[in-house]
Amino acid sequence: MPRSLSSTAKTAIFSQETSQVFLILLEISHADITTLRFVNNLENITSRSNVYTAFPFDITLPDDNGETLSSVTLQIDNVDQSIVSNIRGLTSSPTVKLEVVLASTPDTVEAGAFEF
């Protein structure tokens, strides 16, 4: 399914060079923990009144071909033991949400929300 992007995002994607920075917002939620919000950035960012903490993580998104079973790989650096202890203590699966925003317009979701 085609994605609808802002004109700023389209210009950035099709430009040979751009000052725009795409950021991935990661949200991990569950009834038993306080929602964890991270951004793959060097500084915190606020998007739609939620503060996302700068934290190193890597994500591999599935192919968008509609023919294969989707699989997402999420790797969070083990810098803060509280993240691991919060998630390991859960008795059921958390909800993980990913969104892509531009650093210049963090309140505009360019892609997503993808929930797992």
So, first residue in contact (Cβ under 8 Å) with a residue 60 or more places away in the chain in region 41-56, second residue in a strand (DSSP E or B) and of a type in the set (D, E, K, R), Cβ within less than 7 Å, six or more apart or across chains; the pairs are Ser47/Asp107
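Evaluate the following for Thr68: is it in contact with a His (Cβ under 8 Å, 6 or more places away or on another chain), exposed (fewer than 13 other Cβ atoms within 10 Å of the Cβ) and not aliphatic (A, V, I, L, M)?
In short, no.
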Residue hits (region 74-91; open to solvent by less than 80 Å² (accessible area, probe 1.4 Å), at pLDDT below 80 and not aliphatic (A, V, I, L, M)) are Asp77, Asp80, Ser82, Ser85, Asn86
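From the residues in region 22-43 that are in a strand (DSSP E or B) and charged (D, E, K, R), which one is surrounded by the fewest Cβ atoms within 10 Å (Cβ to Cβ)?
Initially, region 22-43 is screened for residues in a strand (DSSP E or B), giving 22-30, 33-39.
Pick out the ones that are also charged (D, E, K, R) and you get 27, 37.
On the way: Glu27: 18, Arg37: 20.
Taking the candidates together, the pick is Glu27.
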Note on region 1-57: residues of a type in the set (Phe, Trp, Tyr) and under 23 Å from Ser85 (Cα atoms) are Phe38, Tyr52, Phe55, Phe57
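The values are calculated or read from the model by the stated rules, or taken from the named source; none is laboratory data. These figures come from a predicted structure and were not determined experimentally. In this analysis, Cβ positions are derived from the backbone assuming ideal geometry, glycine residues included, and neighbour counts consider all displayed protein chains. Quick note on the areas: whole protein, heavy atoms, side chains included, nothing else; ligands and nucleic acids left out. Shrake-Rupley method; radii C 1.70, N 1.55, O 1.52, S 1.80 Å.
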